[in-house]
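A short worksheet on the structure shown next.
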Amino acid sequence: MKEHQTNDLERLACYKARITQLEHEMALLQEQLKQHNETAKQILSMSDEQQEILFAMNKLFLDTYFVNFSTDDCRFVAATCTETFTKYARGSYDQILQEYVSHSVHKADRSMVSKFGSREYARTQLTNEHPFYAFTYRRLLDSQYRWYRMHLILSSTLPDGSLGNVIVAFMDVNDERTALKDAYDAALKASKAKSEFLSAMSHDIRTPMNGIIGMTAIATAHLDEPIKVADCLRKIELASCHMKDLINQVLDMSKIESGKTTLIETPFQLMDLIQSVDSVVRPQAQEKGQEYSLSVRNICHSGLIGDIPRLTQILVNISGNAIKYTQEAGTIQLDITELPTTNPDYANLQFTVTDNGIGMSAEFQAHLFEAFSQEAEWARTEAKGSGLGLAITHNLVNMMGGAIHVKSKLGEGSSFLVHIPLRIWIKPPVSQELPSEQALSPHPSSAPRNPSAEGFYIVEKPGEIFHDPKETPLMPHSLLSPEGKPLPIYKGKRLLVAEDNLLNREILLEILKDRECLADAAENGQMAVSMFLEKPSGYYDAILMDIRMPVMDGYEAAMKIRSSDHPDSAKIPIISISADAFSNDMHKSLCSGMNAHLPKPLDFSLLDQELRKFFSDT
């Protein structure tokens, strides 16, 4: 009996507790209803124009609140979302802000929101002259963060000028923020591309320019040696051709990117195109001792319509790259095939260039057709290319409605496949068509050879450099003293010259020789370090260090020399001589332990000034 009474009492207590809770919730609902009624009355008391303004403003924001900054009273006004600043219709603004920051704001933004959203901070910012401010932060919504903007807008001030009422409103700016970030990233990328372009062009143009200046100086100093002068003049001519080709490539790229390049399509015979390309490519391959073959298969249409100079440029660029990046005695094959097509007015031609050269990594292939893109920085030295040829080729192929693909494996070679649809000019009788398969050995003399006029990508013999955007030869201003004698600061001195570019090295060594200076040459940074470490103290008086070299660049070589145990490691003068001529390049040279940075074309009077600082005899 007593047990039943106990259970009844427990149930009665639960009922009472539940009734109390419901009464509390009803009181809250009544308070909210009262606030909504007050808001409704306020709205109804407004003019039609004021109501329209209020409703229009509410559309701008997700949720809006009316805050009395003097009493800390925060009242809900309107919302167009479910995730609001607070779930209460009314309460303490300071407490609501604190709870909001703790539960809804990204951890990294909490201190900022607490500060900028506080009444104390608002009092320092909001005035009649500056009636609003806003800030962005990340808010948690549905388990992910979105960018929000919190607005604080001055509504009224108290008689003493202090803040009275403030409108606090929230806006989702995630899409806006993402768009701004994308625009910023794009602008940053464009700025970086521009800087890289200017740097690359500054570097690349100095190479042939310096070759011309340096060889002119050598020829002038040896006017009584006809053979030497003739050799200098020949190299000056080659440098001029390279500079012209480089400028043509830059202009081509600029015109393509600006949309100013147009294709001039004219009727032509396929055999004329083949012979034109072969007359340029075959001699280049022969100069490197490479096995070059050209085959034509399954050609049904020999009379076509297209832009012959641009088609030639495409094939010469790709074939020229194959030659550059293939070792001596390697193999190069150009295969031309007509594939089936469903369009009777077009011939679907496939040009395939295959080599067994150095190949490319998969990572590099993703950037293969970007301007100035090369597998490694030292490729600018070894292969003597600007990195523009394939970018131009890719754009030209796209303009022709074609496609270009590459298959390559590092260390095994590459294969470029180019598909270009060309309009059929003449549908010849079967008897006049090219054989279905034919191996060609066109005679170079049978086709006109004017590479400069058609924008070909010329590759010179190794050692004649000039497609080397990498290093820039030297500008000797003052070979002799005013009396016509070698400058005394050089006489009897021994310099270590680290320079991988053959032409640059030849110019520098020749000029030092004319100054009665002894000089040893290193072809890369690692060789320079080894030569320095092998020699006893005092053997070298100074080191002239190139920057961009294979195996080891000048920066790393200088740091290894400075950190070595050699007795002269700390005191040997190291002077950087490089076509990298921007201020940050000079800073990098000094930070790596070099004593000075001289840009190319080199003014020898500046080199004299630097060396006088270290040589005892002046």
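The values are calculated or read from the model by the stated rules, or taken from the named source; none is laboratory data. Note that the structure is a prediction, hence the values are computed from the model and not measured. Every residue, glycine among them, receives a Cβ derived from its backbone with ideal geometry; neighbour counts consider all protein chains shown. When the accessible area is computed, the model is the full protein with side chains, heavy atoms only, and any ligands, DNA or RNA have been set aside. Shrake-Rupley method; radii C 1.70, N 1.55, O 1.52, S 1.80 Å.
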query: With respect to the numbered conditions (1) open to solvent by 60 Å² or more (accessible area, probe 1.4 Å); (2) modelled with pLDDT of 90 or more; (3) within 16 Å of Leu611 (Cβ to Cβ), which one is the sole condition not fulfilled by Leu495?
result: (1)
- prompt: How many residues are in a strand (DSSP E or B) and over 20 Å from Ser104 (Cα atoms) if we restrict to the range 148-166?
  reply: 9
statement: Filtering the range 112-127 for residues that are open to solvent by 60 Å² or more (accessible area, probe 1.4 Å) and touching a residue at least 40 places away in the same chain (Cβ under 8 Å) leaves a count of 1
- line: So, first residue without any contact (Cβ under 8 Å) to a residue 12 or more places away in the chain in the range 557-574, second residue basic (Lys, Arg) and open to solvent by 10 Å² or more (accessible area, probe 1.4 Å), Cβ within less than 8 Å, six or more apart or across chains; the pairs are Ser569/Arg562; Ala570/Arg562
message: So for the range 332-353 (the condition being modelled with pLDDT of 90 or more and in contact with a Gly (Cβ under 8 Å, 6 or more places away or on another chain)), does at least one residue qualify?
response: no
message: Return the pair list, or none, for Cβ contacts closer than 8 Å from residues in the range 517-528 that are within 17 Å of Ile507 (Cβ to Cβ) to residues that are open to solvent by 70 Å² or more (accessible area, probe 1.4 Å), at least 6 apart or on different chains.
response: Cys517/Lys491; Ala519/Lys513
task: Output the residue which, of all residues in the range 228-283 that are more than 33 Å from the chain's Cα centre (by Cα) and among the hydroxyl-bearing types (Ser, Thr, Tyr), is surrounded by the fewest Cβ atoms within 10 Å (Cβ to Cβ).
output: Thr266
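Residues in the range 165-181: is at least one within 30 Å of Asn584 (Cβ to Cβ) and surrounded by fewer than 17 Cβ atoms within 10 Å (Cβ to Cβ)?
Checked against the condition, which is being within 30 Å of Asn584 (Cβ to Cβ) and surrounded by fewer than 17 Cβ atoms within 10 Å (Cβ to Cβ), the range 165-181 yields at least one hit.
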task: From Thr82, Thr86, Thr71, Thr64, grab the single residue that is at pLDDT below 95, over 22 Å from Asp172 (Cβ atoms) and of a type in the set (Ser, Thr, Tyr).
output: Thr71
field: Odd one out for Ala322, checked against (1) open to solvent by 40 Å² or more (accessible area, probe 1.4 Å); (2) under 30 Å from Ser202 (Cβ atoms); (3) among the hydrophobic types (A, V, I, L, M, F, W, C)
entry: (1)
query: Of all residues in the range 340-371, how many are farther than 22 Å from Gln275 by Cβ and either open to solvent by less than 50 Å² (accessible area, probe 1.4 Å) or of a type in the set (Phe, Trp, Tyr) (or both)?
result: 10
query: Can you tell me which of Met552, Met586, Met531 is in contact with a helix residue (DSSP H, G or I) (Cβ under 9 Å, 6 or more places away or on another chain) and without any contact (Cβ under 8 Å) to a residue 60 or more places away in the chain?
result: Met552
query: Restricting attention to the range 10-38, and to residues there that are open to solvent by less than 80 Å² (accessible area, probe 1.4 Å) and modelled with pLDDT of 75 or more, which single residue is nearest to Gly91 (Cα to Cα)?
result: Ala27
task: Go through the range 203-227 residue by residue and tally those that are closer than 19 Å to Ile392 by Cα and open to solvent by less than 50 Å² (accessible area, probe 1.4 Å).
output: 1
statement: Reported set for the range 284-319 where residues are closer than 29 Å to Leu410 by Cα, open to solvent by less than 20 Å² (accessible area, probe 1.4 Å), touching a Phe, Trp or Tyr at 6+ places or on another chain (Cβ under 9 Å) and of a type outside the set (Val, Ile, Thr) is Gln284, Ala285, Leu311, Gln313, Leu315, Asn317, Ser319
task: Filter the range 128-161 for residues that are open to solvent by less than 50 Å² (accessible area, probe 1.4 Å) and over 20 Å from Glu83 (Cβ atoms) and give the result.
output: Pro131, Tyr133, Ile153, Leu154, Ser156
- prompt: Can you tell me which of Tyr88, Tyr100, Tyr145 is among the aromatic types (Phe, Trp, Tyr) and in a helix (DSSP H, G or I)?
  reply: Tyr100
- request: Identify the residue in the range 593-607 that is modelled with pLDDT under 80 and open to solvent by less than 70 Å² (accessible area, probe 1.4 Å) and, among all such residues, is farthest from the chain's Cα centre (by Cα).
  value: Ser605
- line: Considering residues that are more than 21 Å from Lys588 (Cα to Cα) and of a type outside the set (S, T, N, Q), the number found within the range 528-557 is 10
Complete set of residues in the range 142-196 that are touching a residue at least 12 places away in the same chain (Cβ under 8 Å) and basic (Lys, Arg): Arg146, Arg149, Arg177
- request: Being of a type in the set (A, V, I, L, M, F, W, C) and more than 15 Å from Leu152 (Cα to Cα) is the filter here, so list the residues in the range 63-81 that pass it.
  value: Ala78, Ala79, Cys81
query: Restricting attention to the range 503-520, which residues are surrounded by fewer than 20 Cβ atoms within 10 Å (Cβ to Cβ), in contact with a Pro (Cβ under 8 Å, 6 or more places away or on another chain) and either closer than 19 Å to Ser537 by Cα or at pLDDT 85 or above (or both)?
result: Glu516
field: Residue within the range 95-111 that is exposed (fewer than 15 other Cβ atoms within 10 Å of the Cβ) and either modelled with pLDDT under 90 or within 27 Å of Gly161 (Cβ to Cβ) (or both) present
entry: yes
query: Considering the range 400-427 alone, what residues qualify as being among the aliphatic types (A, V, I, L, M) and either within 23 Å of Ser302 (Cβ to Cβ) or assigned to a strand (DSSP E or B) (or both)?
result: Met400, Ala403, Ile404, Val406, Leu417, Val418, Ile420, Leu422, Ile424, Ile426
field: Pick from the range 552-592, criterion surrounded by fewer than 19 Cβ atoms within 10 Å (Cβ to Cβ) and among the small types (Gly, Ala, Ser), ranking: nearest to Asn501 (Cα to Cα)
entry: Ala581
